[in-house]
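Here's the structure, in C-alpha cells; my notes come after.
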Amino acid sequence: MYKIVIYLILSKFLSSSMNNKNAITMTTLSVIAILAITSTSVSGNEVFAASVTNVKMVEDTYAKTTFTFRDGVEEIYFPVYKMTTSYVGNNRADFQLQGVVEDYPYLNEAMDQAYDFLLAPAETQYDYKQFNVDVDLVKGGVTQKNIHYKDCRVVQSVVDTLLDNAEGYTTTKTGFALVNVIDFTCTSVMQSVPKELQDHTVYSISQVHDYGKNSQKLAEDVHSYATFYFNQGIEKIDFPVFKLNTGFDETSKERPSFTVQGIAKSYTLLDAAINKAQSVAGMPSSYNESFKVDVDFANDSTTFRTLKFTECRIEEYKIDTLFDKEEGYTGKSGFAIVQDITVTCAGITTKNYGEVNETPKPNPYIMGGLTQAFVTVKADNGVQGKYAFPVFKQIGDITKVIKKQRVNPVFELQGVVSDTPLLYKLADQIRTRGYAGSDHQGLFDATVDIVHNEKLVKTYQYEKCRVTTYDSDTSSNAEEGYVGSNGFALLNTFKMSCLGYHPENPSFEKMNKVEQPKLQSSLDLRKTDSWGPNFKVQ
C-alpha cells in the first residue's frame, strides 16, 4: 500500500512538470493502477483522461470530449462524434459518441445508472443522471471550436463489434473493433470559437476574406468555390463537397437549397451566421439576416458555371464523423470529422461561360470494353454541341405501353463539371418553363452514338427533348475522399425527357443494304453497224 501511495504522489508531481498531453497519459496510468489494486475512490477534483486518439484523423482534427459530473471531470478522446439533431432547430440537443471500449470510470457509471434507473419515474434523481459535456474540435493541438452541451444524460449505450464480413477472419488487412456506441440528449447546446482564434480583423464590405484552395484531391481539379456576402463582409471558402439539393426540377416548387461539407474548422462570418440562425430558430419575433452566395465551378484556369443564390439563410448545421466500419480503428483507413452546412435561398440565377464546341473533348477515364457514348445536342435555333460523357443511362422501360401509347423516353447524362454551355442553357430553362413540362419552350434533339473500339455500333435518336432535372453534386465514398487517394468528383447530372425516340443499328443496316449491280449499259458497247476490211466469217 505504501508503495502505491508514493507512486500516485510521483505521478502528480510529474504531471505538474510535463506538458498537457504527457500529463494526461501519466495521470491515467497511475490512477488505473490504483483502481486495479486497491479500488480506492478518487476525489471530486480528480480528472480522468484517456490518451489522445491513436487512429488516423484527417487533417489532424479530432474531438476532445470533457464530461463534468458531480463527482469529478473525465476527459476522453472518441474518434467518432456526431450531432444527431439539428443544431439550428433549437428544440433539443442530441449527439452520439463512438470509440473502442476503454476504461472511463465516470462515464461507465453514468451508462450503468441510466440502465439501473430506466424504469424509475422521470423526476427521480441520481448521482450520474445529469452532467455537462464540452466537445472541443482540435486541429494539431489547437482548439478550433467548442461545442458546449448542458444538462445531458445517457439515453442509450450499446457495445458493438465492427467488421467487414469475412475479411477480418480471412485476411490480415483489417480486423475487428469492439466499440461503445453512446447516445446523449441535452437541454441546450452552444458553439463558440476560442478567443485566441477569433479574427478581429476589420474587413471592408468589398474585401474578400479568401480561405484558399482546399487540400483534397478533386477529379480534373474542378472545385466549388462558395463566396458568402454577409452584411459584415465577404468570405470565400473552397468546400470539397457541394450538393445542389433543390432548384432545378420541373416537378418541384421548393426554394433553391444547397449543402456544403468540409473538415470542421472555424470561419468567422459563416460561424456567426450559423449561431445567429440557432438563436432565432422558433422565435417568430426575431429577425434573421439574409445573405447572398455565389458558387463558382472552376479549375485553376477556367470558370465553367456560377450559381448565384439570393436572400439566403442557414437552414441546417451538423457535425458528423465519416468512417468505414472497423477500418478506421484497425489502421486500414481513418476518420474525418466534417461539418455539413445547408443553406436555403429565395432565388437563384446562373452565369455560364465558354463557347459551344462541336468537337468533343477526349474522355480521360477508363471505359470498360473500350466503349463510350458521344452525345450530340441540337437546339431549336440550330446551335449544336457534341460531348463525351462517361455515364449514359436509359431510364425506365421504353417498351412500356400506357393506354395504347408508348411512355416518353428518358435518358440521363453524367460527368465532371466542364465546359458545356449549351447544356447549361437548356437546364436553366427549367427555371423559366411552366410547371412539370407543360411549357415546351426550347425543345432540342439529341443523338447518342455508342462507339466500341472506335467503331460506331449503336445510335439512339431522341426528338423534341427537354431537361427535366439538373443536379450538381460531389461524389465520394464516405471518409475515403478525405483519407485516401480517391478524392472527390464534382458531377453534373442532366435528366432528359423526349417525345420521340428511334434506335439505329449501323452494322445491321450496312449488312442488309441492297446495292445496285454495276452492269455495263448497252449504250456503252462498241458500235457494230460497220465492220473493218479484215473481218471474215468462217
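Filter the range 336-368 down to residues that are without any contact (Cβ under 8 Å) to a residue 24 or more places away in the chain and of a type in the set (A, V, I, L, M, F, W, C), then give me how many there are.
The number of residues fulfilling the criteria is 2.
Take the range 344-376 and flag every residue that is modelled with pLDDT of 95 or more and touching a helix residue (DSSP H, G or I) at 6+ places or on another chain (Cβ under 6 Å).
Within the range 344-376, THR350, ASN352 qualify.
Can you tell which of TYR126, TYR106, TYR149, TYR169 is outside any strand (DSSP E or B) and in contact (Cβ under 8 Å) with a residue 40 or more places away in the chain?
The unique qualifying residue is TYR106.
For LYS378, work out the one condition from (1) free of Cβ contacts under 8 Å to residues at least 12 places away in the same chain; (2) over 19 Å from LEU490 (Cα atoms) it doesn't fulfil.
Just one mismatch for LYS378, condition (1).
When the residues of the range 218-240 are narrowed to those that are open to solvent by 10 Å² or more (accessible area, probe 1.4 Å) and outside any strand (DSSP E or B), which ends up farthest from THR306 (Cα to Cα)?
Ranking the candidates gives GLN232 first.
When only residues in the range 172-197 that are outside any strand (DSSP E or B) and open to solvent by less than 80 Å² (accessible area, probe 1.4 Å) count, which is modelled with the lowest pLDDT?
LEU197
With GLY99, GLY140 as the choices, which residue is surrounded by fewer than 16 Cβ atoms within 10 Å (Cβ to Cβ), in contact (Cβ under 8 Å) with a residue 40 or more places away in the chain and either in the same structural domain as ASP183 (by the TED database) or under 19 Å from LEU322 (Cα atoms) (or both)?
From the options GLY99, GLY140, the qualifying one is GLY140.
What number of residues within the range 488-511 satisfy the criterion of being acidic (Asp, Glu), modelled with pLDDT under 90 and open to solvent by less than 70 Å² (accessible area, probe 1.4 Å)?
Selection size over the range 488-511: 0.
Restricted to the range 386-410, and to residues that are hydrophobic (A, V, I, L, M, F, W, C) and modelled with pLDDT under 70, which residue is surrounded by the fewest Cβ atoms within 10 Å (Cβ to Cβ)?
Among residues in the range 386-410 that are hydrophobic (A, V, I, L, M, F, W, C) and modelled with pLDDT under 70, the one surrounded by the fewest Cβ atoms within 10 Å (Cβ to Cβ) is ILE402.
Any idea which of (1) open to solvent by 40 Å² or more (accessible area, probe 1.4 Å); (2) without any contact (Cβ under 8 Å) to a residue 60 or more places away in the chain is the one GLY331 doesn't satisfy?
Single failed check for GLY331: (2).
The values are calculated or read from the model by the stated rules, or taken from the named source; none is laboratory data. Owing to the predicted nature of the structure, the values given are computational and were not obtained by experimental measurement. Cβ coordinates were reconstructed from backbone atoms using ideal geometry, including for glycine residues, and neighbour counts include every protein chain displayed. Heads up: the accessible areas ignore ligands, DNA and RNA and are worked out on the full protein's heavy atoms, side chains in. Shrake-Rupley method; radii C 1.70, N 1.55, O 1.52, S 1.80 Å.
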